[in-house]
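K.L.:
Let me begin by handing over the structure; questions about it come next.
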Amino acid sequence: MNQSPNIACPECGQLHHYRPIAPGKTAFCTFCGETLYRNRTHMIDAVMALTLAGLILFVMTNLFPLLGLRAQGQEQEMHLFGASMTFWNQEYRILAVLIVLNIIVFPLFELLALLVVTLTIRNHWESSFAIFLYRWMREIKPWGMLEIFMLGVLVAVVKLGDVATLIIGTSLWSFAGLIVTMAAASSILDPFTIWRELDKTHKVKPHE
């Protein structure tokens with residue numbers, strides 16, 4: 001049996017010994033009363049639903065135009081992947097690769113990893129692969145920069161609005177929905193509960 005980890009209060013830094021709590025309950029710091037962690041009711045099902053919604057929005061974001069620009073009788077559309085290709089064609093190769101990784105590869109990996117993890121827990125599958133994915137997802141997650149890219153798009157919309165007619169594409173709305181969906185899944189997810197559930201089926205052979 002793995003030793004339970006210690007948790008530092010995010011407000012005062014007081015260390016606490018992690019203890020599993022019932023669904024719907026919240027653990028508080030005994031020193032300052034700050035929330036330490038929660039075990040939300042139906043957490044796995046909620047995260048799975050948000051992950052599936054996120055995957056649908058991710059596909060829509062990459063299929064449809066993000067923005068359209070109309071000026072002097074000409075119209076040009078920009079797709080999410082096309083933004084990185086523009087930098088690649090202008091010899092900004094490193095920047096183009098970083099854009100692809102941060103707004104396409106890493107978010108897609110996070111969504112797929114969450115789907116595998118939640119399915120593994122829900123169906124009581126052997127969890128070695130899910131543990132591997134979840135560990136790497138937590139390492140890669142800080143590199144996903146959808147919010148920063150969206151902020152850059154909004155700044156571009158404001159600046160270009162005076163010189164050309166902008167057409168808001170379907171992808172922009174699905175992209176905004178993707179950001180909200182992934183943020184909601186992250187806020188609901190309790191890592192301690194996930195690790196505990198994955199540990200239950202780790203290296204356990206299925207019944208013959």
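K.L.:
So if I average 1/r over every pair of distinct C-alpha atoms in segment 16-64 and take the inverse, what Kirkwood radius in Å does that give?
P.N.:
13.3 Å
K.L.:
Where the accessible area of segment 1-59 is counted over protein heavy atoms with a 1.4 Å probe, how much of it, in %, is carbon and sulfur?
P.N.:
Values: 2130 of 3790 Å².
The C+S portion of the solvent-accessible surface of segment 1-59 is 56 percent.
K.L.:
Name the long-range amide H neighbours of L67: under 5 Å, sequence gap of 5 or more, or other chain; modelled H, no Pro or chain starts.
P.N.:
Answer set, sorted by chain and number: M78, G169.
K.L.:
Run a plain Debye calculation on segment 23-117 (Cα atoms as equal point scatterers, no solvent) and give log10 I(q)/I(0) at q = 0.12, 0.22, 0.23 Å⁻¹, rounded to two decimals, same order as the q list.
P.N.:
Once normalised to I(0) and log-transformed, intensities are -0.63, -1.09, -1.13.
K.L.:
Right, another one. Determine, from the Cβ-Cβ distance of L52 and M85 and an R0 of 25 Å, the FRET efficiency 1/(1 + (r/R0)^6), rounded to the nearest 0.05.
P.N.:
Working: r = 29 Å, r/R0 = 1.15.
After rounding to 0.05, the efficiency reads 0.30.
K.L.:
Whole-Hz ³J(HN,Hα) for each residue in segment 106-117, computed from phi via Karplus 6.51 cos²θ - 1.76 cosθ + 1.60 with θ = phi - 60°, x for glycine and proline: what do you get?
P.N.:
Along segment 106-117, the couplings run 5, x, 5, 4, 4, 5, 5, 5, 4, 5, 5, 5 Hz.
K.L.:
Follow-up question, since we're still on this one. Taking +1 at the Cβ of each Lys and Arg and -1 at the Cβ of each Asp and Glu, which of A83, C32, M43 sits farthest along the dipole of segment 1-145 towards its positive end, judged by Cα position relative to the Cα centre?
P.N.:
Checking the options against the dipole of segment 1-145, the answer is C32.
K.L.:
Now for a different question. What's log10 of I(q)/I(0) for segment 94-155 at q = 0.12, 0.13, 0.23, 0.25 Å⁻¹, Debye sum over Cα points only, no solvent?
P.N.:
So the normalised log intensities are -0.37, -0.42, -0.88, -0.97.
The values are calculated or read from the model by the stated rules, or taken from the named source; none is laboratory data. It should be emphasised that the depicted structure is a prediction, and the values quoted were computed from it without experimental measurement. All Cβ positions, even for glycine, are placed from backbone atoms using ideal geometry, and neighbour counts span all protein chains on display. Side chains included, ligands, DNA and RNA excluded: accessible areas come from the protein's heavy atoms. Shrake-Rupley method; radii C 1.70, N 1.55, O 1.52, S 1.80 Å.
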